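The values are calculated or read from the model by the stated rules, or taken from the named source; none is laboratory data. Keep in mind it's a predicted model, so treat the numbers as computed, not measured. With ideal geometry, Cβ positions are generated from the backbone for all residues, glycine too; neighbour counts draw on all protein chains shown. These area figures cover heavy atoms from the full protein model, side chains too; ligands, DNA and RNA do not enter into them. Shrake-Rupley method; radii C 1.70, N 1.55, O 1.52, S 1.80 Å.
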Amino acid sequence: MSYRILLAALTGLCLTASAFAQTAQTPLQARYSGDIPDLETTLGHDFGDEITPPEDAVDYIRTLASVAPERMQVFDYATSWEGRDLVYAVIGSEANMARLDDIRADLQQLADPRGLSGSDRDALIDRLPVVVWLAYGVHGDEISSTDAALWTAYHLLAAENDPVADTILEDALVIIDPTQNPDGRNRFVNSFAQARGLQADGYRYSAEHDQPWPGGRVNHYHFDMNRDWFIMTQPETRGRTAAMLEWRPMVIVDAHEMGGDQSYFFPPVADPVNPILTDDQMAAQDVIGLNHASWFDRLGFDYFTREIFDAFYPGYGDTWPMMQGGVAMTYEQGSARGLVWTRRNGEDLTYADGVTRHFIASLSTAEVAAANRERFVRGFYDVRANASDGMAGPAAILLSRETNRWGAEQLARLIARQGIEISRIENGANACGTDLPDGGFLINLNQPAGQLARALLQRDTPLPPDFLELQEDRRTRGLDHELYDVTAWSLPVMFNVAATECISAPGLSGDAVQADDPVEADVAASATFGYVIPWTDAGQARLVAALAADGVPMRTSSGAFTIDGVTWPQGSVVVARTSAPANLDSLMRLHARRIGASYSGLSTSWTESGPNFGSFQFADIVAPRIAMAWGEGTDANSVGGLRYVLEQRHGLPVTVIRAGSLARADLSAFDVLILPEQGGGGYSAELGSRGAASLTRFAQGGGTLIALGDATRFITDPDIDLLPVRRELAADTPSSSAAEGATVSGSIIEDETALQAALEPRNARPDTSPGALLNITANADSFLSAGYSNGAAAMVTGSDIYTAIPLDEADTVLRFAGPDDLLASGYLWEENIAQIAFKPFVVARRTGAGFVVAFTQDPTARGYQAGLDLAVLNAVILGPARSRRLR
């Protein structure tokens, strides 16, 4: 159904309860100027009639700006991995557009209230428009929002005699980001076009709706970009967050879709709400929601609020901007996932239905923001000013470079990229009871971005006690918990960087860190024997990988060794000049400076303690040839996180092989084969017995086979038995006895306690964890634990817990800490804490000439556990070095 037909059907309806509706026509009754080209004129279809491809959407936005440059400008903010433009449009009155530079300068002043007098503050608030940021389609297969974006832009430019649009343009700057994920949208549009027939098919299992792997939700690297906001791994996210920091929006919308049998969601949100958010911010959501309800009621559109979609995790497209001081909301429209979807009740949901509802919600948002301009502008100022003045909790955080220099440097730049002020502290400082012999970084939490800084950097964000009590009660009644995402995300913990929370701000000062500052390398002068690269962090491993790719011979030690009074830790790599290329010195400097790594010179190979360079305890580094399973049977997000970490973060090229092809592929061409987490039918369906046998041959022939997360289930299945660990049932729950046929023995239930025991599920798995960070400790005798003498933390989700394994059967490389020390951050059920304590996180066993390694949780999930990158690189680089494969 075209938008013109919809408008005709709605003639006479009053859209809003605002003052505008009492005196003039509603926006849906507006006349449109012929000077502004509509979508049909430009692309050949009306709004909602077809699914507009991402390039066409951007072209239409550019076309609108070209015919109305005095009211609309388009800015490019990123290029996707596949080369597509990401843009946003700024729309406002001619007067406001003429002073955009002044407005941006004022916005930056408002965002940093320190030193601003009351009169200057009031003057800023009086003259600034409210900035409304409308973002669409972060999940590429949530399709209707992009066409709603185009309709919204057209309406604001072309509508005549519409007081709502006039007020929006007068009192607001509306920023429209039409395609947050063009690569994913393009993938969906192509799969839909390939399956399309004579007419749109509403049958939910038709090929139109059944997307091939990986689907359009994710971007090129298969990231869910609505979880990427604070880790900022993807170019789309980095460009978008930088643009938001430039424009400082006060009202933000992230428009999504959900299952086609649902209606429409807008805030108020579900519990839990992150405690860092203020009551005023949440109340402002209610103001906007009430306006939406008025519009939806008058139009006969169903909606719901509060039931799902919380505001706890700070990595969403609503919570991250909200923690910058704005009022942000997620909108969810039931998806036709094509042009029509037949709901379970027999009704058809059309694509135009979804476009229309997102369009209405977009206009409603801009309308209420403009009508309450001063409230939203002042509210933004208040959040930033109050954060500067100080909030409950620590006043500052110190980050140490001592045990993870490169990780601390990377974290400091990520913090700066958020718009959070951070300064470098010189070597030898002492503050908050902490020595910083190698220097570090200081974040004063009492700063304008203090709300976000506290959310991201404090070790823990407590869940509301009443919410936890409710969840525990639900569990006792056999109901699922209501947590939508993980309960832990502390960046220092996930980066494995030592952090100290200071009660009061220390009297330290230093140079500000900028997001794009290069990491300074620690480069040694030319040395007689050669060089040593300490195996202390992922940056060092990246240097080794780069040198190996250039053919530089190197050897890694299985134990610590001391030369000239300096002790080098387990895993450290020695580069001997005698076997190296003539340009060794320049290669070392080139790669170290590009990466920000460090190395030292060696005048001799003589060790005062530990193995000598010629010992069997040293092994030759090889440039690993890496393959990974891909496609059906794998989880797209796990595939993406793994491939991104290896390729983009550490420069290691990866060959992706469809899981179904592993049985017939010649795997001898690779040193490493990695199985990401499972999806769909899993590896059993894709590999079968031939594929499993191929994996066994690969490891026995000298390869390093690595399983991540629930791929461990596959390789530990008794029929495959590549590792002798087994997944556990929940402790202290009943197990079923052998089947007794058509009848079973009778029983007597004497009281309610006995009844509860009888109702306990048989052979139950541990309750699912939504996500908590748990401490892990290292087995110093395993070369695969190099760099983790001080432990780390791992994100634990789901219910998989594996048995402890005898020393003579396999090595437990890294294990979870004991129950009293287990929880690093977040919340985990007490029974799970008791059961997972001391159990394995990384298990390895030599198999023939090679190795099998299992991570019982996925260390590369979402690309945000940078502190575990070295554990992955240990397996990928040190594993092949210890292979007995003949070369």
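Assorted remarks:
- When Asp126, Asp162 are checked against the criterion of being modelled with pLDDT of 95 or more, more than 20 Å from Ala243 (Cα to Cα) and either touching a Leu at 6+ places or on another chain (Cβ under 9 Å) or not polar (S, T, N, Q) (or both), Asp126 stands alone in meeting it.
- From Thr330, Thr342, Thr305, residue being of a type in the set (S, T, N, Q), farther than 30 Å from Ile231 by Cβ and touching a Gly at 6+ places or on another chain (Cβ under 9 Å): Thr342
- Tyr316 within 19 Å of Asp228 (Cα to Cα), touching a strand residue (DSSP E or B) at 6+ places or on another chain (Cβ under 9 Å) and in a strand (DSSP E or B): no
- Asp147 vs. criteria open to solvent by 10 Å² or more (accessible area, probe 1.4 Å) and in contact (Cβ under 8 Å) with a residue 24 or more places away in the chain: no
- Residues (under 28 Å from the mean Cα position of the chain (by Cα), aliphatic (A, V, I, L, M) and open to solvent by 20 Å² or more (accessible area, probe 1.4 Å)) located in the stretch 51-86: Val74
- Counting residues in the stretch 128-138 that are surrounded by fewer than 24 Cβ atoms within 10 Å (Cβ to Cβ) and at negative phi gives zero.
- Considered as a group, the residues in the stretch 808-822 that are out of contact with any helix residue (DSSP H, G or I) (no Cβ under 6 Å at 6 or more places or on another chain) and within 29 Å of Leu886 (Cβ to Cβ) include one that is surrounded by the fewest Cβ atoms within 10 Å (Cβ to Cβ), and that residue is Asp808.
- Among the residues of the stretch 289-315, those that are open to solvent by 10 Å² or more (accessible area, probe 1.4 Å), touching a residue at least 40 places away in the same chain (Cβ under 8 Å) and of a type outside the set (D, E, K, R) comprise Asn291, Ser294, Leu299, Phe301, Tyr303, Phe304, Thr305, Ile308, Phe309.
- Criterion (in a helix (DSSP H, G or I) and either of a type in the set (Phe, Trp, Tyr) or under 33 Å from the mean Cα position of the chain (by Cα) (or both)) met by exactly one of Leu587, Leu543: Leu543
- Check on Leu873, modelled with pLDDT of 95 or more, in a helix (DSSP H, G or I), hydrophobic (A, V, I, L, M, F, W, C) and in contact with a helix residue (DSSP H, G or I) (Cβ under 6 Å, 6 or more places away or on another chain): yes
- Residue identified as modelled with pLDDT of 95 or more, over 27 Å from Thr696 (Cβ atoms) and either among the hydroxyl-bearing types (Ser, Thr, Tyr) or not in a loop (DSSP other than H, G, I, E, B) (or both) among Ala793, Ala844, Ala854: Ala793
- Looking across the stretch 823-863, the residues that are in contact with a helix residue (DSSP H, G or I) (Cβ under 9 Å, 6 or more places away or on another chain), surrounded by fewer than 24 Cβ atoms within 10 Å (Cβ to Cβ) and among the aromatic types (Phe, Trp, Tyr) come down to Tyr827, Trp829.
- The residue that is modelled with the highest pLDDT, counting only those in the stretch 714-772 that are open to solvent by 60 Å² or more (accessible area, probe 1.4 Å), assigned to a loop (DSSP other than H, G, I, E, B) and among the hydroxyl-bearing types (Ser, Thr, Tyr), is Thr768.
- When the stretch 242-278 is filtered for residues that are in contact with a helix residue (DSSP H, G or I) (Cβ under 9 Å, 6 or more places away or on another chain) and within 18 Å of Leu86 (Cβ to Cβ), the ones remaining, listed by number, are Ala242, Met244, Leu245, Glu246, Trp247, Pro249, Ile252, Val253, Asp254, Ala255, His256.
- Scanning the stretch 322-359 for residues that are crowded, with 23+ Cβ neighbours inside 10 Å, touching a Phe, Trp or Tyr at 6+ places or on another chain (Cβ under 8 Å) and outside any strand (DSSP E or B) gives Gly325, Gly326, Ser335, Ala336, Gly338, Ala352, Val355, Thr356, Arg357, His358, Phe359.
- Wholly enclosed helices (runs of 4 or more DSSP H) of the stretch 401-482 bearing at least 2 residues crowded, with 23+ Cβ neighbours inside 10 Å: 405-417, 450-457
- When residues in the stretch 653-666 are screened for being open to solvent by less than 30 Å² (accessible area, probe 1.4 Å) and either more than 24 Å from Gly691 (Cβ to Cβ) or in a strand (DSSP E or B) (or both), 2 of them pass.
- Some residue of the stretch 190-200 being within 26 Å of Pro321 (Cα to Cα) and in contact with a strand residue (DSSP E or B) (Cβ under 8 Å, 6 or more places away or on another chain): no
- Test for Thr356: is it in contact (Cβ under 8 Å) with a residue 40 or more places away in the chain and over 28 Å from the mean Cα position of the chain (by Cα): yes
- Residue match in the stretch 680-701 (condition: of a type in the set (Lys, Arg) and either free of Cβ contacts under 8 Å to residues at least 12 places away in the same chain or buried (at least 17 other Cβ atoms within 10 Å of the Cβ) (or both)): no
- Inter-residue pairs, beta-carbon under 8 Å, first in contact (Cβ under 8 Å) with a residue 24 or more places away in the chain and more than 18 Å from Gly407 (Cα to Cα) and in the stretch 644-666, second in a strand (DSSP E or B) and open to solvent by 40 Å² or more (accessible area, probe 1.4 Å), 6+ apart: Val656/Trp630; Ile657/Trp630; Arg658/Trp630; Ala659/Trp630
- Taking the criterion of being open to solvent by less than 30 Å² (accessible area, probe 1.4 Å), touching a Pro at 6+ places or on another chain (Cβ under 7 Å) and part of a loop (DSSP other than H, G, I, E, B), the residues of the stretch 483-510 that qualify are Leu483, Asp485, Val486, Thr487, Trp489.
- Criterion (touching a strand residue (DSSP E or B) at 6+ places or on another chain (Cβ under 7 Å), within 18 Å of Ile51 (Cα to Cα) and part of a strand (DSSP E or B)) met by exactly one of Ala153, Ala149, Ala135, Ala89: Ala135
- The set of residues from the stretch 230-288 being under 23 Å from Ile125 (Cα atoms) and free of Cβ contacts under 8 Å to residues at least 40 places away in the same chain comprises Asp279, Met282, Ala283, Asp286.
- Residue identified as modelled with pLDDT of 95 or more and either open to solvent by less than 20 Å² (accessible area, probe 1.4 Å) or touching a Cys at 6+ places or on another chain (Cβ under 9 Å) (or both) among Gly44, Gly48: Gly48
- Residue count for the stretch 156-190, restricted to those that are assigned to a helix (DSSP H, G or I), closer than 16 Å to Met97 by Cα and open to solvent by less than 10 Å² (accessible area, probe 1.4 Å): 4
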